[in-house]
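A.B. asks: Input: one structure, supplied below.
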Amino acid sequence: MGESFDATKCMSFTLNEQFMEKFVDPGNHNSGIDLLRTYLWRCQFLLPFVSLGLMCFGAVIGLCACICRSLYPTIATGILHLLAGLCTLGSVSCYVAGIELLHQKLELPENVSGEFGWSFCLACVSAPLQFMASALFIWAAHTNRKEYTLMKAYRVA
């Protein structure tokens, strides 16, 4: 007997399958490529890695700021955290838009709930936290610059 396809079965995808084209009519390869859903899917897959890279690069620059006792690396760390937060927010937005576009084309099976999971909630919480970290780094650099200028003026006097 032939193997039947179960629409409710979860399947993992390889890296190559993550970047495959999405079709206008899902499952019909003759319906043409849906460029919007294809690039939304690719962005929601790549942007978290970009965000992670920016955060790691920001950590290295932050460490250099501590070692050098300089203000400019602290500002750069804040800007990198801001960019990482934007990448995370973009990834969440691409995911939601892609899912909404897919749900317009396909109906959910009866026994499947269409709710967002815990990892989606963590991504939604991490973007504001990255923005707050960015604001704190930039604020700290700005505050320390004023104190540093006052200390320099005191030494001159």
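The values are calculated or read from the model by the stated rules, or taken from the named source; none is laboratory data. Please read all numbers here as calculations on a predicted model, not as lab measurements. Reconstructed Cβ throughout: ideal geometry from the backbone, glycine too, with neighbour counts over all protein chains shown. Protein only, heavy atoms only, side chains kept; ligands, DNA and RNA dropped before computing areas. Shrake-Rupley method; radii C 1.70, N 1.55, O 1.52, S 1.80 Å.
A.B. asks: Can you tell me which of (1) farther than 30 Å from Cys10 by Cα; (2) in contact with a helix residue (DSSP H, G or I) (Cβ under 7 Å, 6 or more places away or on another chain); (3) open to solvent by less than 60 Å² (accessible area, probe 1.4 Å) is the one Ser70 doesn't meet?
C.D. replies: Of (1) farther than 30 Å from Cys10 by Cα; (2) in contact with a helix residue (DSSP H, G or I) (Cβ under 7 Å, 6 or more places away or on another chain); (3) open to solvent by less than 60 Å² (accessible area, probe 1.4 Å), only one is false for Ser70: (2).
A.B. asks: Further, regarding this structure: Of everything in the range 106-144 that's touching a helix residue (DSSP H, G or I) at 6+ places or on another chain (Cβ under 9 Å) and modelled with pLDDT under 80, which residue is nearest to Ile75 (Cα to Cα)?
C.D. replies: Ranking the qualifying residues of the range 106-144, first place goes to His142.
A.B. asks: Related question: Specify the residue that is farthest from the chain's Cα centre (by Cα); the eligible residues are those in the range 89-118 that are open to solvent by less than 70 Å² (accessible area, probe 1.4 Å) and farther than 21 Å from Tyr39 by Cβ. Working first, answer last.
C.D. replies: First, pick out the residues of the range 89-118 that are open to solvent by less than 70 Å² (accessible area, probe 1.4 Å): 90-94, 96-99, 101-103, 109, 112, 114, 117.
Narrowing further to those that are farther than 21 Å from Tyr39 by Cβ: 109, 112, 114, 117.
Values: Pro109: 29, Val112: 27, Gly114: 22, Gly117: 16 Å.
Among them, the one singled out is Pro109.
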